[in-house]
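Working notes, structure below.
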């Protein structure tokens, strides 16, 4: 079961903020009143007694100190940029397992945290974008490449991709071997003005359950992984609704595949 960090963060901000507000409106005036009443009963003020009367309870002091930090984190990750780690190889060779990426949260509109409702329309996903979204039917963040926009007809047949009846251009780059999957070929694929690399496993027959033709409904998007023979994407569970969009992946800032290894910055750069 995945931890719903956005929900936890919102609850923490709400809870600490409520404590902060109660202290300012109710408890702080009571502490001030207690100090004033003490001063009316003595001729010589004891500074230690006054400090004790003014002292905030530990819980309130902690809440007031962490609230600004939590609030800033909430704003940054909800409306500006959020970090993610790549858990699988479905986007190879563009993204590797262990890559840490930054996701632009406002590229496709300003959305409320947790519920994802768009409140300000800034832009829409474009063909070729690498997009983070919540997989339909699950509460899991996925990352794939946008292939089809609302109204597009997408066809995948014998490892060939067609958009609106046009074969997507691809050019061979190199042949390599992976310990896990064996030999594969890397191609440069061009979708509209976006050039990116994709991977096809040699000798692997096309997955017949991943072949077909789809018409993308309004308010939805068709997505695929760049590792075409090893990706759980729209070919198998159809479309991503607009309300499931998290943001646009824009950059790799660190590579750290295992906790037992040192992090590196070999993959750093913009995501194409």
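The values are calculated or read from the model by the stated rules, or taken from the named source; none is laboratory data. Since this is a predicted model, take the numbers as computed values, not measurements. Backbone-built Cβ (ideal geometry, glycine too); neighbour counts: all protein chains shown.
Taken over region 163-195, the criterion of being closer than 22 Å to residue 221 by Cβ, in contact (Cβ under 8 Å) with a residue 24 or more places away in the chain and part of a strand (DSSP E or B) is satisfied by 163, 170, 189, 191, 194, 195. From the list 124, 129, the lone residue that is closer than 14 Å to residue 240 by Cα, surrounded by fewer than 16 Cβ atoms within 10 Å (Cβ to Cβ) and more than 12 Å from the chain's Cα centre (by Cα) is 124.
Annotation: residue 75 fulfils all but one of (1) out of contact with any helix residue (DSSP H, G or I) (no Cβ under 8 Å at 6 or more places or on another chain); (2) in the same structural domain as residue 241 (by TED's automatic domain parsing); the unmet one is (2). Among the residues that make up region 146-159, is at least one of them without any contact (Cβ under 8 Å) to a residue 40 or more places away in the chain and assigned by TED's automatic domain parsing to the domain that holds residue 96? No, the conditions are met nowhere in region 146-159. Within the option set 76, 18, being at pLDDT 95 or above and either under 39 Å from the mean Cα position of the chain (by Cα) or closer than 30 Å to residue 176 by Cα (or both) holds for one residue only, 18.
Could you say which residue among 198, 134 is modelled with pLDDT of 90 or more, surrounded by 15 or more Cβ atoms within 10 Å (Cβ to Cβ), more than 16 Å from residue 229 (Cα to Cα) and assigned by TED's automatic domain parsing to the domain that holds residue 226? Step by step, each of 198, 134 is checked, and only 134 is modelled with pLDDT of 90 or more, surrounded by 15 or more Cβ atoms within 10 Å (Cβ to Cβ), more than 16 Å from residue 229 (Cα to Cα) and assigned by TED's automatic domain parsing to the domain that holds residue 226.
A count restricted to region 164-192 and to residues that are closer than 18 Å to residue 225 by Cβ and either loosely packed, with under 11 Cβ neighbours inside 10 Å or outside the structural domain of residue 147 (by TED's automatic domain parsing) (or both) stands at 1.
Considering region 236-263, the residues that are within 17 Å of residue 92 (Cβ to Cβ) and in contact with a strand residue (DSSP E or B) (Cβ under 8 Å, 6 or more places away or on another chain) include one that is modelled with the lowest pLDDT, namely 256.
Residue-by-condition table, conditions (1) touching a residue at least 40 places away in the same chain (Cβ under 8 Å); (2) touching a helix residue (DSSP H, G or I) at 6+ places or on another chain (Cβ under 6 Å):
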{"residue": "12", "(1), (2)": "yes, yes"}
{"residue": "22", "(1), (2)": "no, no"}
{"residue": "34", "(1), (2)": "no, yes"}
{"residue": "40", "(1), (2)": "no, no"}
{"residue": "52", "(1), (2)": "no, no"}
{"residue": "67", "(1), (2)": "yes, yes"}
